[in-house]
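Structure first, then comments.
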Amino acid sequence: MVLENDLLLRVARGEKTERTPVWLMRQAGRILPEYRAVRERLSGFVELVQTPELAAAVTIQPVDILEVDAAIIFSDILVIPEAMGLAYEMAEKKGPFFPETIKTEEQAERLRTVVPEEDLAYVIEAIKITKKELNGRVPLIGFAGAPWTIFCYMVEGQGSKTFSKARAMLYKNPDLAIRLLNKITESTVRYLKAQIKAGADLVQLFDSWAGILPPDLYQQFSLTFIEKVCQAIDEVPFTVFAKGAYFARKAIGKLPCQTVGLDWNMDIAESRELVGMDKTLQGNLDPCVLYGSYDQIKKATQNMLDQFGPYRHIANLGHGVYPDTDPDKVRCFIDTVKTHSF
Ligand code: CP3
């Protein structure tokens with residue numbers, strides 16, 4: 001299907017466009033009262049993720065309400081551990097929790113390599129419904145967690161400031177770590193390919209816990225596997241967002257991906273220098289700017305746009321939008337991007 005608005009895809013491919021495209025990480029979610037209304041009718045987050053019609057509906061909400069230039073499928077990175085055999089719970093205001101974690105070779109051996117059309121049929125169905133209902137208005141972004149970030153949850157069992165159990169395994173049992181990372185990588189490749197087949201126009205890998213590793217371990221236990229995923233996906237543009245991996249920007253610039261996400265700690269000019277000229281950059285406004293006044297939001301957004309320049313930039317925040325952000329402030333950010341003149 002021909003897209004009415006394909007700014008995101010053209011910029012990801014390196015083409016010059018009439019303006020900078022804009023979307024927000026976590027745009028489908030608690031910032032919108034319309035999302036909370038859907039969510040209230042259900043037992044919880046997991047039920048919403050697993051109900052394709054409703055997942056599709058909340059995916060499209062930010063396109064209708066905020067007029068972003070892309071939709072991102074409403075799901076979670078944790079559907080992969082779940083499909084591999086480690087179920088999770090999402091405790092309100094506390095985040096994910098895995099009753100079982102991976103400690104031994106036997107446990108890792110028992111994990112399935114996912115068959116997305118069976119184990120993740122609900123996501124595939126949600127993508128198909130979303131594509132139909134979007135009817136070509138904007139591209140649909142598919143996503144998965146980077147193998148290292150998924151490994152963190154499978155070993156640690158919950159969110160953590162340090163993920164010291166996950167990091168400890170890299171020293172205590174690197175062979176087990178690598179076996180588990182390979183298994184996650186294979187499942188992730190299959191999953192992203194199935195998302196693309198169902199209609200995803202671009203895919204993004206979230207390495208949310210990139211920043212907790214020393215550079216040598218990051219290369220060995222994360223980038224190696226991200227590279228395998230990038231190499232396997234050549235159907236659509238590919239974005240790598242490695243939060244906190246400022247020390248790895250040069251290496252990330254050499255990955256076979258089209259777009260590199262920056263978090264708000266990363267200096268824009270320095271990142272362009274390190275990543276190189278043949279990648280599109282995505283980001284990177286501090287999400288807390290959206291707690292400021294309209295005037296502050298406009299100035300900070302304009303300043304960011306001028307630093308990135310008119311080409312090879314997809315405007316976004318440096319991480320997901322915080323749930324208590326006023327949607328009118330989000331709209332101010334979006335409108336500022338759309339009306340900016342360089
Ligand atoms: O709009 C979008 O960006 C699409 C939806 C999306 C969600 N999770 C929905 C969600 C995406 C892309 C994710 C990715 C995700 N999930 C990441 C990577 C990005 C990042 O933030 O670093 C991570 C680490 C997770 C794991 C996860 N899911 C955590 C730690 C939490 C709890 C924290 C929180 O925000 O509550 C979640 C829950 C979650 N995922 C919610 C949403 C909308 C909130 C739950 C709810 O609405 O009840």
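The values are calculated or read from the model by the stated rules, or taken from the named source; none is laboratory data. Note that the structure is a prediction, hence the values are computed from the model and not measured. Cβ placement follows ideal geometry from the backbone for every residue including glycine, while neighbour counts extend to all protein chains displayed. Remember, those area values only see protein heavy atoms, side chains included, never the ligands or the DNA or RNA. Shrake-Rupley method; radii C 1.70, N 1.55, O 1.52, S 1.80 Å.
Points to keep in mind about this one:
- The residues listed here are Ser160, Ser187; of these, the one that is among the polar types (S, T, N, Q) and free of Cβ contacts under 8 Å to residues at least 12 places away in the same chain is Ser160.
- Val115 surrounded by 14 or more Cβ atoms within 10 Å (Cβ to Cβ) and over 29 Å from Ile31 (Cβ atoms): yes
- Condition check for Leu181: more than 30 Å from Gln61 (Cβ to Cβ), under 20 Å from the mean Cα position of the chain (by Cα) and away from the ligand (no atom under 16 Å from the Cβ): yes
- So Lys183, is it basic (Lys, Arg) and crowded, with 20+ Cβ neighbours inside 10 Å: yes
- The range 287-342, subset buried (at least 19 other Cβ atoms within 10 Å of the Cβ) and aromatic (Phe, Trp, Tyr), residue farthest from Asn265 (Cα to Cα): Phe333
- Within the option set Ser164, Ser160, Ser208, being surrounded by 20 or more Cβ atoms within 10 Å (Cβ to Cβ) and on the phi < 0 side of the Ramachandran plot holds for one residue only, Ser208.
- The helices (runs of 4 or more DSSP H) falling completely within the range 1-97 that include 3 or more residues that are within 11 Å of the ligand (Cβ to nearest atom) and open to solvent by 40 Å² or more (accessible area, probe 1.4 Å) map to 33-40.
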